[in-house]
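The values are calculated or read from the model by the stated rules, or taken from the named source; none is laboratory data. Just so you know, these numbers come straight off a predicted model, no measurement behind them. Here the Cβ is made from the backbone with ideal geometry for all residues, glycine too, and neighbour counts use every protein chain on show.
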Amino acid sequence: MSTQYSLHVVHPAFELLKRSARILHFIAAGIILVNAVHELAAHNGSKILCYTQMVIAADILILVFTCGPLLTEAPRLNFLFRFCEMVVLLGIAFSLLLDGHYWFSLFHFIIAGSYFFIMYREWRIMRSETVDISPTGITIPNFLKDMVIGWNEVKSIMPKYHSIIIETLRNQKIEFDLKEHLKIDELGQIDEFCKRHLSNG
């Protein structure tokens, strides 16, 4: 019998971020494109830099309008483009700061920081979309840090074919749908494993 079980789950917050991928890419492309046009028209900025920003914005928009469904299913692709967006937005912020546009610079620093945070969350999605059941307790995926619940804190755990429900002694109920239904033998093994550790906890 296995000493640990990892169940791939549908995390509502993770799924919301996946569904928001297109609009977030679109916003970043819009900000980059507006800045490039503004720099080129109003401040006679470096044409190479402005055209480079336009190309990056065009690449992102092509991704948004041609690869919509793929963005939902490919967190690594989102992570890669989010990294590029964050770097470009950070570069724009520093450029505005050097030109003395402090408020616009601050705005872009905030946007760049927001996209860095989103990128971190997408990295978390790639690493942990599983509920891990082990002899030490249950690990629940989360954006910032996975939540670990010891067996002495668990009131009940109900693995089902299509979901898992965890109740803690603090009356917290956590429920996730499973990405893949459990087989009869897997369900029996997990149920037995949980009952044994609950009685010991």
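For the range 71-85, does any single residue satisfy the condition of being within 30 Å of Ser46 (Cβ to Cβ), among the aliphatic types (A, V, I, L, M) and buried (at least 17 other Cβ atoms within 10 Å of the Cβ)?
No, because not a single residue in the range 71-85 is within 30 Å of Ser46 (Cβ to Cβ), among the aliphatic types (A, V, I, L, M) and buried (at least 17 other Cβ atoms within 10 Å of the Cβ).
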Among residues of the range 93-123 being β-branched (Val, Ile, Thr) and at pLDDT 90 or above, the residue surrounded by the fewest Cβ atoms within 10 Å (Cβ to Cβ) is Ile110
Could you figure out which of (1) surrounded by 15 or more Cβ atoms within 10 Å (Cβ to Cβ); (2) in a helix (DSSP H, G or I) isn't true of Met126? (1)
Residue in the range 4-20 that is nearest to Gly137 (Cα to Cα), counting only those that are touching a residue at least 40 places away in the same chain (Cβ under 8 Å), surrounded by fewer than 15 Cβ atoms within 10 Å (Cβ to Cβ) and out of contact with any Ser or Thr (no Cβ under 7 Å at 6 or more places or on another chain): Val10
If Ala28 meets every condition in (1) touching a residue at least 60 places away in the same chain (Cβ under 8 Å); (2) more than 30 Å from Lys183 (Cα to Cα); (3) in contact with a Ser or Thr (Cβ under 7 Å, 6 or more places away or on another chain); (4) of a type in the set (Gly, Ala, Ser) apart from one, which number is that one? (3)
Kindly list the number of the only condition in (1) free of Cβ contacts under 8 Å to residues at least 40 places away in the same chain; (2) among the β-branched types (Val, Ile, Thr); (3) surrounded by 15 or more Cβ atoms within 10 Å (Cβ to Cβ) that fails for Val131. (1)
Strands (runs of 3 or more DSSP E) wholly in the range 139-188 with at least 3 residues that are of a type outside the set (A, V, I, L, M, F, W, C) - which ones? 154-159, 163-168, 173-178
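Among Ile23, Ile48, Ile60, which is the only one that is of a type in the set (Val, Ile, Thr), surrounded by 13 or more Cβ atoms within 10 Å (Cβ to Cβ) and part of a helix (DSSP H, G or I)?
Values: Ile23 fails: surrounded by 13 or more Cβ atoms within 10 Å (Cβ to Cβ); Ile48 fails: surrounded by 13 or more Cβ atoms within 10 Å (Cβ to Cβ).
Just one listed residue meets the conditions, Ile60.
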